[in-house]
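We did not get these values from a lab; they are worked out from the coordinates using the rules stated. Values in this document were obtained by computation on a predicted structure and should not be read as measured data. Cβ atoms come from the backbone with ideal geometry, glycine included; neighbour counts cover every protein chain shown.
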Amino acid sequence: MSPMNIKSVDLNGGEWGYVGSGMTWNYIFDGKTCVAKEVIEAIDEEKKSVSFKVVDGALMEFYKTFLLTVQVDTKEEKNFVTWTLTYEKINGNIKDPNTLMEFCLNVTKDIETNLHMQCN
């Protein structure tokens with residue numbers, strides 16, 4: 001759904017959509033091909049949220065811990081997506097992951113465009 005950003009996602013263990021399942025993401029970030037290994041840490045059906053813990057890959061060069069949470073809020077007939085990045089930097093010289101947040105927003109926009117095309 002976002003081929004310019006996400007090249008592939010492979011299941012490493014467990015089952016798609018279940019807590020504890022592992023995935024490897026191959027993606028393009030800041031013009032570079034990157035890999036992230038993640039584990040689904042939490043799924044909250046009521047809050048419509050999923051949290052992914054990064055366990056290996058490019059981000060771990062800069063952060064001791066990194067957790068991405070995506071949540072969908074529905075109001076009337078509109079859906080609102082919130083990305084939350086929770087992280088601990090390796091040291092104080094590491095910048096906040098603002099460009100990663102831009103990446104997440106771009107992926108969200110691509111998914112929205114794809115869904116609109118499917119509905120029309």
Subtracting the Cα-Cα distance of K109 and K7 from 0.36 nm times their residue separation yields 35.1 nm
Given H placed on each backbone N at 1.01 Å, which residues far from A42 in sequence or on other chains put an amide H within less than 5 Å of it? S51
Amide H to amide H under 5 Å from G57: which residues, 5+ apart in sequence or cross-chain, H placed 1.01 Å off N in plane? K37
Please list, in order along the range 103-115, the HN-Hα scalar couplings obtained from phi with the Karplus expression 6.51 cos²θ - 1.76 cosθ + 1.60 (θ = phi - 60°), rounded to whole Hz, x for Gly and Pro. 4, 4, 5, 5, 4, 4, 4, 4, 5, 4, 4, 4, 5
Lysine-lysine proximity count for the chain, Cα under 20 Å, sequence distance 8 or more or distinct chains: 20
Per 0.36 nm of contour for each residue apart, how much would the distance between K78 and A58 grow if the chain were fully extended, relative to their Cα-Cα spacing? 3.8 nm
Going toward the positive end of the dipole of the range 1-67, with +1 on Lys and Arg Cβ and -1 on Asp and Glu Cβ, which of I43, V19, G31 do you reach last? G31
Go through 13-23, 71-81 and give me the packing order, highest mean Cβ count within 10 Å leading. 13-23, 71-81
Karplus-derived 3J(HN,Hα) from phi for the range 87-98 (6.51 cos²θ - 1.76 cosθ + 1.60, θ = phi - 60°), whole Hz, x at Gly and Pro, runs 8, 10, 6, 5, 8, x, 7, 6, 7, 5, x, 4
